[in-house]
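Report on the structure given below.
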Amino acid sequence: MSEAIRIKVFEIIAEQAVLDVSDISPEQTLEDLGIDSMGLVESIFAIEEAFDIQIPFNANDPRQGGFDISTVATIVEAVSKLVAGQAQ
């Protein structure tokens with residue numbers, strides 16, 4: 001996983017959670033960070049824009065769609081895979 005991707009995803013999540021990046025840890029869930037469903041959607045849009053990627057995300061059922069949002073670490077991993085796939 002690229003450190004630059006990790007840092008940017010943490011920054012986006014921290015902004016949505018209104019926290020410092022240093023307050024975010026990989027094992028936390030978005031719910032742990034106080035990010036609601038609207039914040040999740042805004043985070044997804046911000047990540048798509050930052051990395052110029054399309055995230056397979058269903059706002060009506062976030063657990064569906066193939067994009068793992070279970071923890072901050074899984075989000076970073078999924079974004080890394082999408083970015084790597086785009087480079088090919």
Checklist line | Residue in segment 4-25 that is touching a Lys or Arg at 6+ places or on another chain (Cβ under 9 Å), of a type in the set (Val, Ile, Thr) and buried (at least 19 other Cβ atoms within 10 Å of the Cβ) present | finding: no
Notebook entry, point to check: Scanning for something under 10 Å from the mean Cα position of the chain (by Cα), at pLDDT below 95, surrounded by 17 or more Cβ atoms within 10 Å (Cβ to Cβ) and in a loop (DSSP other than H, G, I, E, B), does segment 35-49 turn up at least one residue?
Noted result: no
Next item on the list: Quick one: Val72 ticks every box in (1) at pLDDT below 95; (2) touching a Leu at 6+ places or on another chain (Cβ under 9 Å); (3) β-branched (Val, Ile, Thr) except a single one, so which number is it?
Entry: (1)
Notebook entry, point to check: If the Cβ limit is 8 Å and pairs must be 6+ apart or interchain, which residue in segment 65-88 that is more than 15 Å from Glu48 (Cα to Cα) pairs with which residue that is at pLDDT 90 or above and not in a loop (DSSP other than H, G, I, E, B)?
Noted result: Val72/Val9; Val72/Phe10; Val72/Ile13
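The values are calculated or read from the model by the stated rules, or taken from the named source; none is laboratory data. All values derive from a computational prediction rather than experimental measurement. For neighbour counting, all protein chains shown are included, and Cβ atoms are generated from backbone atoms with ideal geometry for every residue, glycine included.
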